[in-house]
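Single-structure report; data block below.
Readers should treat all values here as calculations from the given coordinates under stated rules, not as data from a laboratory. Here the structure is a predicted model, which means the values were calculated and not measured. Every residue, glycine as well, gets a Cβ built from its backbone with ideal geometry; the counts of neighbours run over all protein chains shown.
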There are 2 protein chains.
Amino acid sequence: MATRGRPRTFDPDTALRQALDLFWERGYEGTSLNDLAQAMGIASASIYACFGSKEDLFRQVMALYGTTSGEPPRRALRAEPTARAAIHAMLRATADQITGPGTPHYCMLILAAPTGAVENHEVREFLADLRRDMRTTIEDRLARGVTDGDLAASPAGLEAISRYYATVVQGLSIQARDGATRAELETVITCAMAAWEALTSEPEVFVAARSGARSRCRNG
Amino acid sequence: MATRGRPRTFDPDTALRQALDLFWERGYEGTSLNDLAQAMGIASASIYACFGSKEDLFRQVMALYGTTSGEPPRRALRAEPTARAAIHAMLRATADQITGPGTPHYCMLILAAPTGAVENHEVREFLADLRRDMRTTIEDRLARGVTDGDLAASPAGLEAISRYYATVVQGLSIQARDGATRAELETVITCAMAAWEALTSEPEVFVAARSGARSRCRNG
DNA sequence: CAGGTTGTTTATCGAACGACCAACAAACCG
DNA sequence: CGGTTTGTTGGTCGTTCGATAAACAACCTG
């Protein structure tokens, strides 16, 4: 049942790449099936036959995005010898990605569907899961630094530090979206890395943080 | 021509507040006029008569948002005695706002319309302008710290530091949107403030940053 | 009250939405 | 070749989109 019947006249990988470009530019809800069919060069019925629903297509698009644009930051995290170098290289790789030519100046994972209509709640949570995995990946790299001996920090500190750098990564996308240049992002990264020494040397800053979060609910 | 004719049966301020709640939850494109009319308790034609178009309504909603939810962080920036205390208080006020009960756990200014269909480009740029003003406001506060004598930093450093803390503010919204608690945001703020000493004491970190931004365009 | 003015409702506009089906086209098997 | 299988096209489903026109209702002035 592989070579039977009429063969496909378009390349699914190419079509997926074209769908990626459009979803990247307009987000999930901002992209219509007509838009997709036109960009992919096929009829909308062919999209359903090959990829399933619009949501199914989007999930496949995100998988492709993760293995292409998402890979450099992940590789930086993995390949650098120390935790500090890994974080720094990941931030720089992220900045490279979100200011590259020919693609929108932001991370699709972060801005393709942060809010929207109620019926697309599952798509938003799908992306949120991937973002939470992102922080976990950072934390895992920090933990490796502890076992490698190049990083001294408590387990509670690792979660906080990983969340901090995940926050910076996500903030960078907004900055780039609003027109910040690669050089301007670099200054942000420099600032963010300036916290490293204080965060990873004794005494830990989190003895103070644990008593925090007490002043809430100012108004509504 | 003020009290002539049939008086309005709904309160525009109340209706605007209800529109705000809906736009906040679903974003600009995710909110339909039917949704708005239902939430505001009036027919869509009355929306057009009182507020203009959907985009006009959204701009009025954002003005209301700025004077309510946007005020605590701005006040913190203004009222604290030193630049450092002002930044710290602003971050905490932001964290309070985006984890408050009864409202979505993110900043509407940041996530209501980061991407979307081509025809809503002006709405996105309208929000981007407000976000860029946000960074300028932070930089102005840092400059005041210099004249007040509680902060020593170069003009180039002020832009970088303000952009850095604007990045953190914006990243916090993604974190809260993805379920981070107020306490978890506090640890991020603690990390972000840990950079302060290094950023504002000699030698400045930006002597290194100026030669940065040279490794770009890894792949595409 | 009459006449004028304004707000609200109801109904609807044309266009686009996501989704899908039936008919047609092109390859394979024997 | 005929028969089967699969991909693609064109059309259309009911719904919803933002926006508007006309009819009705409520208040003012005089």
query = In nm, one decimal, shortest first: how far is the label point of B:HIS121 (7 Å from Cα along Cα to beta carbon) from the matching points in the other copies?
reply = 3.5
task = Using the Cα centre as the reference, give the magnitude of the dipole from point charges on the C-beta atoms of region A:63-190 (Lys, Arg: +1; Asp, Glu: -1; all else neutral), rounded to the nearest 20 debye.
result = 180 debye
task = Sort shortest first the distances from B:ALA183 to its counterpart in every other copy, using label points 7 Å along the Cα-to-beta-carbon line, and give them in nm.
result = 4.5
message = About the Cα centre, and with charges only on the beta carbon of Lys, Arg (+1) and Asp, Glu (-1), how big is the dipole of chain B? Nearest 20 debye, please.
response = 240 debye
query = Given labels modelled 7 Å from the Cα in the Cβ direction, how far is it in nm from A:LEU33 to A:PHE126?
reply = 1.5 nm
message = Given R₀ = 51 Å, what would the calculated FRET efficiency be for B:GLU71 paired with A:ARG6, taking r from the Cβ atoms and rounding to 0.05?
response = 0.20
ask   = What size of dipole, in debye to the nearest 20, comes out for the protein assembly as shown about its Cα centre when the only charges are +1 on Lys and Arg C-beta atoms and -1 on Asp and Glu C-beta atoms?
value = 320 debye
query = Using the Cβ atoms and a cut-off under 13 Å, what net charge is assigned to the surroundings of B:ARG144, where Lys and Arg are +1 and Asp and Glu are -1?
reply = -2
ask   = Taking the Cα centre of the protein assembly as shown as the origin and placing charges on Cβ (Lys, Arg +1; Asp, Glu -1), which of B:GLN18, B:HIS105, B:VAL146 is farthest toward the positive end of the dipole?
value = B:GLN18
Net charge of neighbours whose Cβ lies under 13 Å from the Cβ of A:GLY66, counting Lys and Arg as +1 and Asp and Glu as -1 = +1
ask   = Pulled fully out, how much extra length does the chain show between B:THR103 and B:ALA85, if you take 0.36 nm times their separation in residues and subtract their Cα-Cα distance?
value = 3.8 nm
ask   = How high is the relative contact order of region A:64-106, in percent, counting Cα pairs under 8 Å that sit 6 or more residues apart?
value = 31 percent
note = Correct response: the longest run of chain B lacking exposed trypsin sites (Lys or Arg not before Pro), defined by DSSP loop and at most 16 other Cβ within 10 Å, is B:9-209
query = In whole Å, what is the distance between the alpha-carbon centres of region B:129-191 and region A:97-155?
reply = 21 Å
task = Taking a label point 7 Å out from Cα toward Cβ, give me the nm distances from B:PRO7 to the same spot in the other copies, shortest first, one decimal.
result = 7.8
ask   = Of A:ALA79, A:ALA45, A:SER69, which is farthest on the positive side of the dipole of region A:25-96, counting Cα position, with +1 on Lys and Arg Cβ, -1 on Asp and Glu Cβ, and the Cα centre as origin?
value = A:ALA79
inquiry  = As a test of the formula, what do you get for chain B when each DSSP H run with n ≥ 4 contributes -39,500 (n - 2.57) and the sum is divided by the residue count, at 222 nm and rounded to the nearest 500 deg cm²/dmol?
reply    = -20500 deg cm²/dmol
